[in-house]
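Notes to accompany the following structure.
No lab work stands behind these numbers, since they all come straight from the coordinates. The shown structure was predicted, so the numbers you read here are calculated from the model rather than taken from an experiment. Counting neighbours? That spans all protein chains shown, and the Cβs are built from the backbone with ideal geometry, glycine included.
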Amino acid sequence: MQIAKHSVVSMNYTLKNDQGQVMDTSVGREPLVYLHGAGNIIPGLEAALDGKVQGDNVAVRIAPENAYGVRNPALMQRVPKASFQGVPEIKPGMQFRAQGPQGQVQVVTVTAIEGDTVTVDANHPLAGIPLNFEVSIVEVRTATAEEISHGHVHGAGGQDHGHEHGHDHDHH
Ligand code: ZN
């Protein structure tokens with residue numbers, strides 16, 4: 001069957017940047033399983049996989065606008081070192097959960113430290129980067145009604161509501 005809205009897609013993928021460096025891959029792990037048409041994956045990749053079938057190989061370069069967005073300089077912030085209470089040593093590359101302007105939790109990455117000032121970046125680590133995906137479609141099936149109502153896949157490779165890493169659904 002062809003990948004369409006409410007297909008459950010199982011795929012292997014490798015993600016490289018324009019320099020050819022592997023940034024993420026499912027090779028050596030279980031295939032990635034997602035619900036098509038539910039915003040589970042970035043829009044550019046979802047569009048590239050639409051209509052594909054089991055066994056297809058897809059290579060696609062996705063612009064930041066259709067991936068993790070362009071970098072927003074306003075998301076770079078300089079904060080006093082004193083605001084990192086309980087952290088013995090701040091280093092570039094460290095990530096923290098912080099509260100965004102609307103109270104939402106966001107992950108920020110330390111990019112620089114100068115004296116008592118720490119620069120943090122709340123952009124997604126892949127924001128502003130064109131993404132080169134090589135995908136092979138392992139399996140395509142029809143989603144169950146429950147998966148469609150939840151907006152994600154259950155079972156192998158999907159959400160397991162029975163475990164502590166299950167998510168924040170409360171409508172079971
Ligand atoms: Zn669910």
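Numbers at a glance
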{"quantity": "Distant-in-sequence amide H partners of Asp50 (H built 1.01 Å from N, under 5 Å)", "calculated": "none"}
{"quantity": "Residue order, fewest to most beta carbons within 10 Å, for Lys5, Lys16, Lys52", "calculated": "Lys5, Lys16, Lys52"}
{"quantity": "Along principal axes, Cα extents of the chain, largest first, whole Å", "calculated": "59, 43, 30"}
{"quantity": "Aspartates and glutamates with Cα under 17 Å of Lys91, excluding same-chain neighbours fewer than 8 positions away", "calculated": "Glu114, Asp116, Asp121"}
{"quantity": "Approximate spin-label separation Ala74-Thr142, in nm, with each point projected 7 Å along Cα-to-Cβ", "calculated": "4.6 nm"}
{"quantity": "Relative contact order of the chain, defined on C-alpha pairs under 8 angstrom at six or more residues apart (%)", "calculated": "32 percent"}
{"quantity": "Under 13 Å from the Cα of Lys5 - aspartates and glutamates, other chains or at least 8 residues apart", "calculated": "Glu46, Asp50, Glu147"}
{"quantity": "Taking N as its residue count, the alpha carbon Rg of region 1-98 over 2.2 N^0.38 Å", "calculated": "1.46"}
{"quantity": "Rg to Rh quotient for region 73-121, alpha carbon positions, Kirkwood Rh", "calculated": "0.94"}
{"quantity": "Computed E for Gln21/Asp56 - FRET, C-beta separation, R0 35 angstrom, nearest 0.05", "calculated": "0.90"}
{"quantity": "Quarter of the Cα convex hull surface for region 2-44, i.e. its orientation-mean projected area (nm²)", "calculated": "3.6 nm²"}
